[in-house]
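Taking it in order: structure first as structure tokens, then the write-up.
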Amino acid sequence: MAGDTHAPAAAGATQQTGQQGTRKEAATRALADVPRVPGAKKPDPVLVADGVVRRFGGLTAVSVDHVEIQRGAITALIGPNGAGKTTFFNLLTGFDRPDEGKWSFDGTDLARVPAHKVARRGMVRTFQLTKALSRLTVLQNMLLGASGQKGESLLRAAFAGIWRSQEKANTERAMELLGRFKLDKKADDFAGSLSGGQRKLLEMARALMSDPQVVMLDEPMAGVNPALTQSLLGHVKDLREQGMTVLFVEHDMDMVRDISDWVVVMAQGKVVAEGPPDSVMADPAVIEAYLGGHHDVSLADEAAAAELEKEIEAEVEAEIAQDDAKDGHAR
Ligand SMILES: Nc1ncnc2c1ncn2[C@@H]1O[C@H](COP(=O)(O)OP(=O)(O)O)[C@@H](O)[C@H]1O
Ligand SMILES: [Mg+2]
């Protein structure tokens with residue numbers, strides 16, 4: 001497709017020292033020769049999906065022909081609101097059922113496997129702190145993460161004592177993870193008392209309770225105070241350095257550029273573009289995906305496009321600020 005050669009990052013220029021950065025370099029190298037086209041084959045895919053379709057009534061929310069997620073890399077899933085990103089996450093992790101299609105994780109067929117089994121096999125997604133979960137303590141939230149379930153089913157699992165047999169080991173692991181995320185002093189506080197950023201850290205820490213290979217983060221930065229975003233980004237990068245595969249949805253393009261090795265773009269349920277962050281964001285198909293459904297604007301008119309981009313950004317920021325006001329700072 002694009003004829004531009006992708007120059008490798010200047011060796012060592014901004015890399016962190018020691019072990020840090022080695023897996024990032026490996027991921028960059030592994031993806032360097034992957035064609036920048038939707039559905040491109042990866043050298044070592046941990047997740048492969050084929051013909052995954054999910055309809056809601058007359059609406060086709062997801063219709064992904066083929067997608068592969070490279071093992072050990074950070075892949076961003078981007079696309080306008082309503083593109084089907086969350087629905088696709090839910091399908092892959094067993095929280096929703098597709099109308100058609102199949103996918104495999106580490107070579108094993110995962111279609112129609114229920115969520116808690118998907119989690120046990122090593123693929124988890126984060127969940128927002130629901131009202132019910134806000135009334136549990138931070139530690140209790142962590143223990144529920146060990147069961148690989150969510151929301152009300154998490155609560156049911158708790159009362160059924162599913163995790164109780166392993167409570168001691170799980171508590172130790174929970175406290176260790178909370179320490180890593182600097183939430184250990186909050187272990188006995190109600191989760192609802194945490195700030196927006198701390199909630200995101202708890203959501204991430206909770207997902208790690210089941211010791212996953214693949215972590216799927218749905219908008220990990222939404223509602224997070226700018227002062228905390230760097231720390232949160234650092235934690236996401238750490239997951240890769242520990243050998244995990246990360247797939248995340250994020251609206252902030254600066255963050256996507258900063259942390260992802262590869263970007264997959266969805267629009268109207270389909271994968272419409274793929275590639276390294278810089279080449280994807282310059283792709284006219286991507287710009288069209290973002291602007292197409294929004295306003296009737298000539299794509300040739302770059303000034304108008306930039307203007308619209310700002311508008312969309314402002315909308316997203318307003319949304320985030322609203323969420324923040326609702327829960328983040330209501331303590
Ligand atoms: N449970 C549902 N019932 C009906 N429509 C849904 C449901 N979940 C999602 N949708 C619709 O599917 C489309 C994709 O939504 P979603 O996956 O949330 O998009 P994204 O996460 O990319 O913003 C949207 O049009 C949304 O309204
Ligand atoms: Mg979503």
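Along the charge dipole of region 167-248, pointing to its positive end and built from +1/-1 on Cβ of Lys, Arg, Asp and Glu, which listed residue (GLY234, ALA187, MET175) has its Cα farthest out?
GLY234
Non-local amide H neighbours of ASP96 (under 5 Å, H modeled in plane, Pro and chain starts lacking H): which ones?
Residues meeting the amide H criterion: LEU91.
Each label point is 7 Å from the Cα along the Cα-to-Cβ direction; what then is the distance between the points at GLU167 and ASP50, in nm?
It is 4.6 nm.
When only Cα pairs under 8 Å and 6 or more residues apart are kept, what is the percent relative contact order across region 94-141? Show your work: numbers first, answer last.
Details: 22 pairs, mean separation 13.0, N = 48.
It rounds to 27 percent for region 94-141.
Express in whole angstrom the spacing between the alpha-carbon centres of region 183-200 and region 226-275.
Here the two parts' Cα centres lie 24 Å apart.
Within 10 Å, count the other beta carbons around each residue, average over each peptide in 281-288, 199-206, and list them highest first. Please list the in-between numbers first.
Numbers: 281-288: 15.9, 199-206: 24.5.
Sorting 281-288, 199-206 by mean packing, highest first, produces 199-206, 281-288.
May I ask you to list the lysines whose Cα is less than 27 Å away from that of LYS102, ignoring any residue fewer than eight positions away on the same chain?
LYS41, LYS42, LYS85, LYS117, LYS150, LYS270
Sorting check: for 103-114, 246-257, which peptide has the highest mean count of neighbouring beta carbons within 10 Å, and how do the rest follow?
Numbers: 103-114: 15.3, 246-257: 19.8.
Top of the packing list down: 246-257, 103-114.
On a full-extension model of 0.36 nm per residue, what is the gain between ASN81 and VAL37, subtracting their alpha-carbon distance, rounded to one decimal in nm?
Values: separation 44, 0.36 × 44 = 15.84 nm, distance 2.19 nm.
Between ASN81 and VAL37, full extension yields an extra 13.7 nm.
Taking R0 as 30 Å, what FRET efficiency do you get between GLU25 and LYS131 from their Cβ-Cβ distance, rounded to the nearest 0.05?
Values: r = 43 Å, r/R0 = 1.43.
My answer for the efficiency is 0.10.
Read-outs: derived from the displayed coordinates by stated rules, not from any lab. Keep in mind the model is a prediction, meaning the values are calculated, not measured. Here Cβ is always computed from backbone atoms with ideal geometry, including for glycine, and neighbour counts include all displayed protein chains.
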